[in-house]
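To keep things clear, I will list the structure first and then write my remarks on it.
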Amino acid sequence: MASRRRSLRALQDVLAGEHAAIYGYGVAGAWLSGRRRDRARAAFAAHRTRRDQLQALIRARGAEPVAAAASYALARPVTSAADAVALATLLEERLAAVWADAVAQLEGDLRRLAVRALRDAAVLGAQWRGASVAFPGLPELSP
Amino acid sequence: MSMARPPELRRPSRREVLIGAGLLVASGCARAAVDVAPRPTADQRLAADVAEEIRALAARYAATVRRHPGLGGVLSPLAAEHDAHVRALVALQPVASPSPSASAAGSAAGSAAASPSVSPTAAAVPATPAAARAALVEAERVAAQRRRTQSLRAGAGLARLLASVAACESVHAALLGEG
């Protein structure tokens, strides 16, 4: 029972993170062009797919998925392509952390899902950043 | 001369004596642990195995840079991340065992670079830089897949760490594959 509640809580947490990322990409995408706009669009679509998947998993457990907020406070205003890239990087870093925590809370197939989602966030984050970090999603081990 | 008695000369309270006795017992345990390694948990054994695999991957990087020094700029930052992974995993080992493995981890990169004989994979580095790079992409993909599988059978905390290491290895494959 406790583990069931814990799983549900973890799924709701990552769903809230995906909602925020979708909102953020909506903001960032408007400032990007060319290859970076394509990348933002692909990421936006991937996060929506993940959101839909999470909503289905939560409903299958008899719970109501958390809703997206009407708007989200951005860490800082986005008024250029460079700001948009910084925001996209930050979105993926935060999402990686939320998914990493979910890995610890989930088991079996749900953990497998979280491990893959962490990988996807790390790869997108590195593409926006243009560099790797040693421990994606683990702020306590990051410089 | 009515000086107060210096605090260090007062008699210890019963509580302090008890705590002291506890410390003696604790340090006795610690000493015993040096002589007889405590039985590692399943997670500690898994972490040790993973550290060994990552050392082998790091050795491939070192061998590749020796054969193709021009790749050093691209590969060195990634190799440093492998070293960080090994350190994080070694830190999970029981008290007695880190000394040999920790020193091995610390010197792995250096000794591999210093003495080619310690790296069995040196001969396996492809002849062109492009092929050598592609071989590392494949090695990182395989490593990430193994790490993901390993994270599924680990306890919560180790699973989180292994999932992050897996993600980093996937990033390495993606970054090396792009260039």
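Has segment B:113-123 got at least one residue that is modelled with pLDDT under 95, open to solvent by 20 Å² or more (accessible area, probe 1.4 Å), within 13 Å of chain A (Cβ to nearest Cβ) and not in a helix (DSSP H, G or I)? For segment B:113-123, residues modelled with pLDDT under 95, open to solvent by 20 Å² or more (accessible area, probe 1.4 Å), within 13 Å of chain A (Cβ to nearest Cβ) and not in a helix (DSSP H, G or I): absent. Applying a threshold of 8 Å to beta carbon distances and a minimum spacing of six or more residues, or different chains, the list of pairs starting in segment A:8-29 at a residue that is closer than 29 Å to A:ALA82 by Cα and ending at one that is open to solvent by less than 10 Å² (accessible area, probe 1.4 Å) and among the charged types (D, E, K, R) reads A:ALA21/A:GLU92. Taken together, A:ARG37, A:ARG50 contain a single residue that is charged (D, E, K, R), crowded, with 16+ Cβ neighbours inside 10 Å and free of Cβ contacts under 8 Å to residues at least 12 places away in the same chain, which is A:ARG37. Per the listing B:ALA88, B:ALA79, B:ALA130, the residue uniquely at pLDDT 55 or above, within 14 Å of B:VAL50 (Cβ to Cβ) and not polar (S, T, N, Q) is B:ALA88.
Among the residues of segment A:126-143, those that are facing chain B (nearest Cβ under 8 Å) and either out of contact with any Phe, Trp or Tyr (no Cβ under 7 Å at 6 or more places or on another chain) or in a helix (DSSP H, G or I) (or both) comprise A:ALA126, A:GLN127, A:ALA131, A:SER132, A:VAL133, A:ALA134, A:PHE135, A:PRO136, A:LEU138, A:LEU141.
Screening segment B:148-160 for residues that are at the interface with chain A (Cβ under 7 Å from one of its Cβ atoms) and open to solvent by 10 Å² or more (accessible area, probe 1.4 Å) and picking the one that is nearest to A:ARG111 (Cα to Cα) gives B:LEU152. Taking segment A:114-133 as the range and being more than 17 Å from B:GLY157 (Cα to Cα) and open to solvent by less than 20 Å² (accessible area, probe 1.4 Å) as the test, the residues that pass are A:ALA117, A:ALA121, A:ALA122, A:GLY125, A:ALA126, A:TRP128.
Taking first residues from segment A:93-114 that are more than 10 Å from chain B (Cβ to nearest Cβ) and partners that are open to solvent by less than 10 Å² (accessible area, probe 1.4 Å), the Cβ contacts under 7 Å between residues at least 6 apart in sequence or on separate chains come to A:GLU93/A:GLY125; A:LEU95/A:ALA21; A:LEU95/A:ALA121; A:VAL98/A:VAL14. Considering A:ALA86, A:ALA68, A:ALA75, the condition of being aliphatic (A, V, I, L, M), in a loop (DSSP other than H, G, I, E, B) and surrounded by 15 or more Cβ atoms within 10 Å (Cβ to Cβ) is satisfied by A:ALA68 alone.
Residues in segment A:94-113 that are small (Gly, Ala, Ser) and buried (at least 22 other Cβ atoms within 10 Å of the Cβ): A:ALA96, A:ALA100, A:ALA102.
Scanning segment A:80-113 for residues that are within 20 Å of A:LEU141 (Cβ to Cβ) and more than 16 Å from the chain's Cα centre (by Cα) gives A:ALA104, A:GLN105. Applying the criterion of being without any contact (Cβ under 8 Å) to a residue 24 or more places away in the chain and facing chain A (nearest Cβ under 7 Å) to the residues of segment B:161-179, the residue that is surrounded by the fewest Cβ atoms within 10 Å (Cβ to Cβ) is B:ALA174.
The values are calculated or read from the model by the stated rules, or taken from the named source; none is laboratory data. Computed from a predicted model, the values in this text were never measured in an experiment. When we count neighbours, we look across all protein chains shown, and the Cβ atoms used for this are built from the backbone with ideal geometry, even at glycine. For the accessible areas, the whole protein counts, side chains as well, though only heavy atoms, and no ligand, DNA or RNA atoms are used. Shrake-Rupley method; radii C 1.70, N 1.55, O 1.52, S 1.80 Å.
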